Amino acid sequence: MNSVDLKEDLQSLLSLENTHQNLSVPKLVEKILARNEGVLTSTGAVRATTGAYTGRSPKDKFIVKEESSEHKIDWGQVNQPISKEAFDRLYTKVVSYLKERDELFVFEGFAGADERYRMPITVVNEFAWHNLFAKQLFIRPDGSTPSSNEKPFTILSAPHFKADPETDGTNSETFIIVSFEKRTILIGGTEYAGEMKKSIFSVMNYLLPEQDILSMHCSANVGQEGDVALFFGLSGTGKTTLSASASRKLIGDDEHGWSGTGVFNIEGGCYAKCVNLSEEKEPQIYKAISFGSVLENVVLDEETREADYDDTFFTENTRAAYPIEMIDNIVKPSIAGHPSAIVFLTADAFGVLPPISRLTKEQAMYHFLSGYTSKLAGTERGVTSPETTFSTCFGSPFLPLPAHVYAEMLGKKIDEHGAKVFLVNTGWTGGGYGTGKRMNLAHTRAMVQAAIEGDLDNAEMITDDIFGLHIPLHIPGVPDEVLQPSKTWDDQEAYQEKANFLANEFKKNFQKFSHAASDIEAKGGPLV
């Protein structure tokens, strides 16, 4: 099978009489309701459920082992190889399966708000609600001709097609397979729509660095003076909450590229977690969920069809997908200048990391590679006490290249543009989880504001003797004693024990990078 075959197969799919291309949102909603794929909520959003899979399937994700990319990919548990022959067999089966469907739905758009680097994408869906999801998440055509020379990437999504592991070379009935040579993504055996979004992000994480663009799993906003801030953080660290600001415009909430001219959003929409969502806590997200939005696995009141965001009957991973235009305070197009401030967010359940600290370039690279936060008791079966969680570059499941490639690019960008980097702990103070208390949100907001507005550039600092972090002594609106973790603990011996424990957890995790980042560890890691 060659590229001509792929092109002809796609053209044959698009030419089928039962194929609906680039339907409007109202038409897609109409199709979804007619096919009983979802129900309309009281706000006009479409609620769909995803069956057995309510999240990503990382063990079922593969990259085709091909000559052009084989020596670039960081092969392992995240980037599992699959043969070209296995891909070809599955591709033929998926295309044949899709041709037999009563209806197919096609979206054509882009990834990348900057027209110089955007990638055309074609999404072919078995489900109408998946096509609506793609329409809300990716960038829609606006009539302009992109200047990028990138060839299109195609997603073929067939949730009801199930693989046979014995003959297809997969780990289960589910598969998410990326072929960089054939610029095709096959998705089957799962109804979870997020696989489409994250597959394209993984592709961009491979393609953008080849153009000297740092791809990033972060949110971004810009102030009235054009000052750009980036927010990195794993789930539960407050990334969405802290990047949403009435005084700053949102560039994007999840995926960005940092080019030679500045930052651009990779997506055209938002895929927000909505467990425990309320208008009071997150008004922007709450108000953005309107006609044509997609709600995944959210429980509805049977009579009123109002969403109950506190009910986790299906999953805690409930989601809302909507175009970024539904947020009032945005940059359009989603492009801005170089970041002046970068914020790494962590929720340290051990209560020993400072609520804010300024990082050197080497410390920034170290903590970027570490991607630390805590997993709390009760969030997963079997977790009875806080555990350390490390996700490389705050997005390890989506990084095809070796991690040090992204870290070195970050270090280079920091040097070139003088960005200040801060580590912000939104976790516990005065003790660990169960003893201390969660950081005061008002205090955290004051610290973040001081950081991104440059108030900490010349602030008086002290150096933490365990982690080597530089802690400001004074921040307006924050009690001085809160800034130094040891001063918030009654039991100093217990503090030292927990701090040393976490420092050693960092060092153990960093051993996997020692062959490529020993200098970063020596200059940026804990002192103990």
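The values are calculated or read from the model by the stated rules, or taken from the named source; none is laboratory data. These numbers were taken from a predicted model, which means no experiment stands behind them. Here Cβ is always computed from backbone atoms with ideal geometry, including for glycine, and neighbour counts include all displayed protein chains. Please note that ligands, DNA and RNA were not included when accessible areas were found on the heavy atoms of the full protein model with its side chains. Shrake-Rupley method; radii C 1.70, N 1.55, O 1.52, S 1.80 Å.
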query: Fully extended, how many nm does the chain gain between Glu100 and Glu210 (0.36 nm per residue separation, minus their Cα-Cα distance)?
result: 35.8 nm
query: Farthest toward the dipole's positive end in the chain, which of Ser69, Leu28, Phe133, given Cβ charges of +1 (Lys, Arg) and -1 (Asp, Glu) about the Cα centre?
result: Ser69
message: Spelling out what I want: for every residue of segment 349-354, take phi, set θ = phi - 60°, compute 6.51 cos²θ - 1.76 cosθ + 1.60 (Karplus), and round to whole Hz; glycine and proline get x.
response: 6, 8, x, 10, 7, x
- prompt: Considering only DSSP beta bridges with both partners in segment 108-218, what is the antiparallel share in %, to the nearest 5?
  reply: 50
- prompt: When the chain is fully extended, how far beyond the present Cα-Cα distance does Asp311 get from Arg35, taking 0.36 nm per residue of separation?
  reply: 96.8 nm
- request: Quick one: what are the phi-derived ³J(HN,Hα) couplings along segment 469-480, Karplus 6.51/-1.76/1.60 with θ = phi - 60°, whole Hz, x for glycine and proline?
  value: 7, 9, 10, x, 7, 9, 9, x, x, 10, x, 4
message: 7 Å from Cα along Cα→Cβ at both Arg89 and Thr435: what's the point-to-point distance in nm?
response: 5.6
- request: Would you mind telling me the antiparallel percentage of the DSSP bridges in the chain, rounded to 5?
  value: 60
- request: Only helical DSSP H runs with n ≥ 4 go in: add -39500 (n - 2.57) per run for the chain, normalise by residue count and round the 222 nm mean residue ellipticity to 500 deg cm²/dmol.
  value: -8500 deg cm²/dmol
- line: Note, Pro355: beta-carbon cut-off 14 Å, +1 each Lys/Arg, -1 each Asp/Glu, net +1
query: Applying the Karplus parametrisation 6.51 cos²θ - 1.76 cosθ + 1.60 with θ = phi - 60° to the phi angles of segment 88-97, what ³J(HN,Hα) value in whole Hz is obtained for each residue in order, glycine and proline being reported as x?
result: 4, 5, 5, 4, 4, 5, 5, 4, 4, 4
- request: Determine the dipole magnitude for the chain: charges of +1 sit on the beta-carbon of Lys and Arg, -1 on that of Asp and Glu, nothing else is charged, the reference point is the Cα centre, and the result goes in debye to the nearest 20.
  value: 400
query: Applying 1/(1 + (r/R0)^6) with R0 = 35 Å to the Cβ-Cβ distance of Gln224 and Val528, what FRET efficiency is obtained, to the nearest 0.05?
result: 0.25
For Ile342, distant residues with modelled amide H under 5 Å away: Leu230, Lys420, Val421, Phe422
message: Here are labelled values, (i) 23; (ii) 36; (iii) 32, and one is the computed percent of Cα pairs over 36 Å apart for what I pasted. Which one?
response: (iii)
- request: Just order 68-81, 428-441, 104-117, 329-342 by mean Cβ neighbour count inside 10 Å, highest at the front, would you?
  value: 104-117, 329-342, 428-441, 68-81
query: Roughly how many whole Å is it from the C-alpha centroid of segment 332-369 to that of segment 455-528?
result: 13
field: Above-threshold pairs, the threshold being 31 Å between Cα atoms, out of Lys7/Lys27; Lys61/Lys99; Lys59/Lys498
entry: Lys59/Lys498
Ordering of 279-289, 316-326 by burial proxy (mean other Cβ atoms within 10 Å per residue, highest first): 316-326, 279-289
Rounded if a/c under 1.5, otherwise prolate or oblate - segment 391-528, Cα gyration tensor axes: oblate
- prompt: What FRET efficiency would be calculated for the residue pair Ser518, Asp142, taking the C-beta separation as r and a Förster radius of 45 Å, to the nearest 0.05?
  reply: 0.40
message: Report the gain in length on full extension from Asp164 to Lys72: 0.36 nm times residue separation, minus Cα-Cα distance, nm rounded to one decimal.
response: 30.2 nm
- prompt: Counting DSSP beta bridges with both partners in segment 1-149, what percentage is antiparallel, nearest 5?
  reply: 60
Sequence of His20, His367 when ordered by accessible area, the most exposed leading, probe 1.4 angstrom: His20, His367
- prompt: How big is the charge dipole of segment 30-141 about its Cα centre, in debye rounded to the nearest 20, if each Lys and Arg gets +1 on its Cβ and each Asp and Glu gets -1 on its Cβ?
  reply: 240
field: Tally of Lys pairs whose C-alpha atoms are under 26 Å apart, taken over segment 257-404, 8 or more apart or cross-chain
entry: 7
message: Let me check I've understood the local charge: for Pro81, count other residues with C-beta under 9 angstrom from its C-beta, Lys and Arg +1, Asp and Glu -1. What total comes out?
response: 0
